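Participant: Below is a structure I'd like to ask you about.
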Amino acid sequence: MKNRLSYVIIPILIFVFFSIFTNKDVHAEVNRETLEQEVSQEQISAEMDDIMIMQNAVAEILGDYEKIQKYGTVHIDRNNGFTIIIAFKYEDNSTDAIKKTLSERLNEKVRFIVSDITYDELTQIKDNIFGNREILEAKGIQISSAGVDEKANKVNVIINKVDNMTIASQLFTDNFAKSTKLLTDNFESAEKFVNVVFDPEAKNYNEFSRRENHSILGGGIGIQSSGSCSTAFTATKGGVKFLATAGHCLEGDGSVVRQWSSNVGTDHLSYYKSRGFDIGLINVTTSGRKISNFIFAKAVTNYDAKYTNSGSFLMNQYVCKSGITTGYTCGQVQETSTSYTDSDSGVITKDVVKIYATGNTKDYSQPGDSGSTTWAGEVLLGVHSGGGDSSTLSWGFAAKTSKVAEHFGSDFTIYKSSNPL
């Protein structure tokens with residue numbers, strides 16, 4: 001068994017230096033036994049079926065599944081198998097309908113509890129904290145990432161560099177007080193919603209680096225633009241066919257994109273640098289190339305998986321990704337909204353999901369995997385954005401496909417048919 005990663009977690013008021021000088025280490029809430037288990041596709045698919053029953057029922061009642069985020073939080077409890085936990089801070093007729101409907105459809109697989117914070121409020125704290133990073137970094141506090149943990153109802157803030165302990169402590173405290181003032185009357189109560197982790201080894205990175213020309217386009221195959229990346233899904237808008245990858249793989253400058261060694265289209269759109277949204281679009285202009293819902297998962301020569309639906313990530317669920325470098329790897333969702341800084345370029349990626357590798361996977365991802373499909377069962381969930389690692393953990397980030405309409409328009413349609421177009 002791998003050695004447990006030694007994180008130093010501190011209460012906000014006493015900051016990192018107190019824990020270091022007192023040599024009082026507290027481990028982060030990472031269930032290593034769960035991460036080390038191999039997870040079968042059958043289990044992932046079965047769980048995803050129940051998750052989609054839940055998400056579709058909520059969407060029927062609220063009009064959109066993610067509107068539940070203003071009421072509370074949602075996560076998966078794995079202490080006794082598989083249970084979807086929905087925690088409501090606010091309740092009304094809609095939440096009553098959700099409880100009634102899901103109790104009937106999922107029975108013991110769903111449980112409802114009371115929460116003292118919502119996902120939207122946690123996201124606001126996360127964004128405010130990350131928005132203060134330049135002030136903190138100027139004084140020697142380097143924030144690696146900040147992400148929402150819906151199971152713990154906290155924002156995890158990972159710091160990998162602290163220069164001047166005394167100055168940094170006061171600055172950190174002052175800025176965190178400002179960041180949480182919208183939700184709390186005083187700084188002390190903010191500690192309830194923020195978990196600070198000092199990990200000097202933590203490093204995040206964007207990733208550039210199956211290499212063959214495919215007449216039918218899908219997820220998990222390679223493209224070449226400014227660097228080598230992977231593909232996630234296909235889509236249409238106004239009769240135009242698109243191939244999606246990570247936004248940081250593109251510039252939106254109309255330049256030629258190849259797949260793999262022959263032209264496939266043009267670099268159409270990327271909001272990565274302007275908005276931090278890490279999904280980009282390639283306009284498929286080359287005749288003879290068709291789009292599909294297929295995914296190149298474990299096979300050697302052709303597609304062996306597909307997505308027939310799309311959904312939203314859930315805390316603690318198992319997901320998999322497939323890219324041109326590491327191929328097929330799986331992990332468990334650990335944070336449902338994370339902002340992170342690329343260690344090399346300094347560019348900020350916003351509102352991605354953080355996924356810890358499961359099983360015996362040494363690296364969840366490597367350069368070249370950027371843009372690859374992230375999915376569970378036959379449900380498309382995200383686009384692989386980047387990765388990171390520490391001494392004993394490997395993780396990946398995925399941009400949410402549930403946000404594509406928000407950025408690309410309501411008429412932007414993910415192609416979900418097994419009949420190539």
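The values are calculated or read from the model by the stated rules, or taken from the named source; none is laboratory data. The shown structure was predicted, so the numbers you read here are calculated from the model rather than taken from an experiment. Quick reminder, even Gly has a Cβ in these numbers, built from the backbone with ideal geometry, and neighbours come from all protein chains shown. Quick note on the areas: whole protein, heavy atoms, side chains included, nothing else; ligands and nucleic acids left out. Shrake-Rupley method; radii C 1.70, N 1.55, O 1.52, S 1.80 Å.
Participant: Among the candidates D389, D342, which residue alone is of a type outside the set (K, R) and open to solvent by 20 Å² or more (accessible area, probe 1.4 Å)?
Facilitator: D389
Participant: Identify, by number, the condition in (1) crowded, with 24+ Cβ neighbours inside 10 Å; (2) part of a strand (DSSP E or B); (3) of a type outside the set (S, T, Y) that G371 doesn't meet.
Facilitator: For G371, the exception is condition (2).
Participant: Right, another one. Just to check your reading of the model, which residue among K161, K151, K126 is of a type in the set (K, R), under 17 Å from the mean Cα position of the chain (by Cα) and outside any helix (DSSP H, G or I)?
Facilitator: One residue alone meets the criteria, K151.
Participant: On to the next question. Out of (1) under 23 Å from D127 (Cβ atoms); (2) crowded, with 18+ Cβ neighbours inside 10 Å; (3) modelled with pLDDT of 90 or more, the odd one out for R275 is which?
Facilitator: Every condition holds for R275 apart from (2).
Participant: Every residue in region 244-265 that is open to solvent by less than 40 Å² (accessible area, probe 1.4 Å), farther than 21 Å from L381 by Cβ and not in a loop (DSSP other than H, G, I, E, B), please.
Facilitator: V257, V264, G265
Participant: Under 8 Å between Cβ atoms, which residue pairs at least 6 apart in sequence (or on different chains) link something in region 92-109 that is at pLDDT 95 or above with a partner that is small (G, A, S)?
Facilitator: I98/A57; T101/A57; L102/A57; R105/A57
Participant: Just to be sure I understand, how many residues within region 110-137 are modelled with pLDDT of 95 or more, open to solvent by 70 Å² or more (accessible area, probe 1.4 Å) and hydrophobic (A, V, I, L, M, F, W, C)?
Facilitator: Here the count works out to 1.
Participant: Moving to a separate point now. What pairs can you find where one residue is in region 276-290 and under 16 Å from T245 (Cβ atoms), the other is of a type in the set (G, A, S) and open to solvent by 20 Å² or more (accessible area, probe 1.4 Å), and their Cβ atoms are less than 7 Å apart, with a gap of 6+ or different chains?
Facilitator: Between residues of region 276-290 that are under 16 Å from T245 (Cβ atoms) and residues that are of a type in the set (G, A, S) and open to solvent by 20 Å² or more (accessible area, probe 1.4 Å), the close pairs are G280/S270; R289/S215.
Participant: Report yes if some residue within region 88-109 is outside any helix (DSSP H, G or I), out of contact with any Lys or Arg (no Cβ under 7 Å at 6 or more places or on another chain), on the phi < 0 side of the Ramachandran plot and open to solvent by less than 10 Å² (accessible area, probe 1.4 Å); otherwise report no.
Facilitator: Scanning region 88-109, I find at least one residue that is outside any helix (DSSP H, G or I), out of contact with any Lys or Arg (no Cβ under 7 Å at 6 or more places or on another chain), on the phi < 0 side of the Ramachandran plot and open to solvent by less than 10 Å² (accessible area, probe 1.4 Å), so the answer is yes.
Participant: Name the one entry in L380, L314 that is under 18 Å from the mean Cα position of the chain (by Cα) and farther than 29 Å from I159 by Cα.
Facilitator: Among L380, L314, only L380 is under 18 Å from the mean Cα position of the chain (by Cα) and farther than 29 Å from I159 by Cα.
Participant: For region 291-314, give me each residue that is touching a strand residue (DSSP E or B) at 6+ places or on another chain (Cβ under 9 Å) and open to solvent by 50 Å² or more (accessible area, probe 1.4 Å).
Facilitator: K298, N302, D304, K306, T308, N309 - these are the residues of region 291-314 that are touching a strand residue (DSSP E or B) at 6+ places or on another chain (Cβ under 9 Å) and open to solvent by 50 Å² or more (accessible area, probe 1.4 Å).
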